[in-house]
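Here the structure is laid out as structure tokens; the discussion comes afterwards.
What follows is calculated from the coordinates using simple rules that are stated; it is not laboratory data. In this text, all values refer to a predicted model and were calculated from it rather than measured experimentally.
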Amino acid sequence: MKNTAVIKLMLQGKLRFRESRTLLGLRSSIHPRKYFVSDELKTVYIPISKSGNSSIKKMLLRAEGIPESELSHPTKPYFIHSNKNLKRFTQSRWRKKWDDYFTFTVVRNPVSRFISSHYNKFLDQEKIDQRGFELHRHLSGLFTPDLSAIDLLNTLMTISDKMTNEHFVPQKFWIYKHHKCQPSIYNLENLTPLIEDLHARGVHIKAIEHSNHSKGIHLTPVSKELLALIARRYKDDFVTFDYEAAVDPASQELDSGTSSPPPFKAP
């Protein structure tokens, strides 16, 4: 897309400012870098959307001593993302003093992550009624509320990762291309190693509760066609994080097919 066309779409209100700046080459991605940083715990967490993001943030805020009454809201299930306490721990630029901090992130089976993301943005009618269709302005209205999981995947494969909504960007993008640091990586399906490593560093937590239970995996039929498209779109995630694209066809429950991966090293 030529620069004049980008500017025209921006002035018409069809492209958001950060999308326009990315297309013009003025920023590396539409996604702002975000780090959850605790100087007291000497810990840095790199959030990845739909990979236990809410649960991990709550866990760290509890470890910081934030009272339980300030971590949730009776009628706002996504309250943690706008929590006032979260803002003082969120940073957008890496700082040299963090080099010695324990830096980590959490990844998830790409099949369940995609299905959960599709449900979150396209099928969760209660959320859509409250907040509207959140992708209505993304890339000049490219996405519509009735987009099926298969049609969404076919569309995503035509878009650069740097222009894709954060819920549908490959997890490897967040860790390697989007951040200069190399974090320790843990699987959402088994967070015991993370808890043990945090305890070894003096960060004592009892457990990590699942804040947003993924209803999407039980509501979205996982056909062979859908599974094949997910495997193609997120090929690097399956390989890098040692997952398998497998679903039990009888129960449609995910076979996470994972072992704890070795410390991540950028290729």
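Cross-link check: pairs 42/96; 50/87; 50/97 evaluated at a Cα-Cα cut-off of 21 Å; pairs beyond the cut-off: 50/97. The stretch 153-170 and the stretch 87-135 have their alpha-carbon centroids 15 Å apart. A straight chain from residue 70 to residue 97 at 0.36 nm per residue would run longer than the Cα-Cα distance by 6.8 nm.
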